[in-house]
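Trainee: Dropping the structure in here first, questions after.
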Amino acid sequence: MQLFDSDGNEIPVPQPPPLEELTHMCELGGQFDECYVYIEFKASELDRESITSGLELNPTKAWNTGELHPIGKKSGTMRILDYGKWFLKIDSTGTSVAETIAKIFASASQDLVTWRTLASKYDGHVSLVGYANNWNREFNLDLLTLSLVVERGLSLNIDAYFQDNDELPNETT
């Protein structure tokens, strides 16, 4: 490539240093280093059994309002909350988020009326959680994947975290 100033004089372009003299600073672009897809329902009057049977999916964790349940991965620590929650967590690391969402919905009830009813009654949504060890990571959802979420009456939540290579994701639910 040649560069020229406004008078048409060639501007010399310096040659880059040899590769072995360069310092790696970061990588840009690409998918998250760790990804999780959650399907979640949360409400003060939640009925976890009706969600499980209606969706034909077993949750990762679920509790009704006022039930004693464990906090995250901490063994022996329990709590009671004024809301119930039902969620299914799927590790999407190494697989596209779109493929993970499609697999979840394919393995569940195909009754869209049931999905929409549960989603409106119990504040249902899909959460995409991504952990990046470097800059500029992304989720990519095509129109088909978005339509799978929308036709079930679910909202979409995107939760992105940056972590140093030495840090591990925290369990927040």
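Residues checked against (1) touching a strand residue (DSSP E or B) at 6+ places or on another chain (Cβ under 9 Å); (2) closer than 28 Å to L144 by Cα:
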| residue | (1), (2) |
| --- | --- |
| F4 | yes, no |
| F41 | yes, yes |
| R48 | yes, no |
| I101 | yes, yes |
| A106 | no, yes |
| Q110 | no, yes |
| T114 | no, yes |
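Trainee: Then there's this: Report the residue count in region 99-117 for those that are crowded, with 17+ Cβ neighbours inside 10 Å and closer than 22 Å to Y36 by Cβ.
Mentor: 6
Trainee: Mind listing just one residue for me: the one in region 46-79 that is hydroxyl-bearing (S, T, Y) and part of a loop (DSSP other than H, G, I, E, B) and, of those, surrounded by the most Cβ atoms within 10 Å (Cβ to Cβ)?
Mentor: T65
Trainee: Now for a different question. Condition first: small (G, A, S), in contact (Cβ under 8 Å) with a residue 40 or more places away in the chain and assigned to a helix (DSSP H, G or I). Now tell me which residues in region 114-135 satisfy that.
Mentor: A119
Trainee: Within region 89-98, identify whether any single residue is at pLDDT 90 or above and either part of a strand (DSSP E or B) or surrounded by 11 or more Cβ atoms within 10 Å (Cβ to Cβ) (or both), and answer yes or no.
Mentor: Yes, the conditions are met somewhere in region 89-98.
Trainee: Also, quick follow-up: Is at least one residue of region 140-152 modelled with pLDDT under 80 and within 14 Å of the chain's Cα centre (by Cα)?
Mentor: The answer is yes; a qualifying residue exists.
Trainee: Quick check, is K85 over 23 Å from D159 (Cβ atoms), of a type in the set (K, R) and in contact with a strand residue (DSSP E or B) (Cβ under 8 Å, 6 or more places away or on another chain)?
Mentor: The answer is no for K85.
The values are calculated or read from the model by the stated rules, or taken from the named source; none is laboratory data. The structure displayed is predicted, hence computed values, not measured ones. A quick note on method: Cβ atoms are made from the backbone with ideal geometry, for glycine too, and the neighbour counts reach across all protein chains shown.
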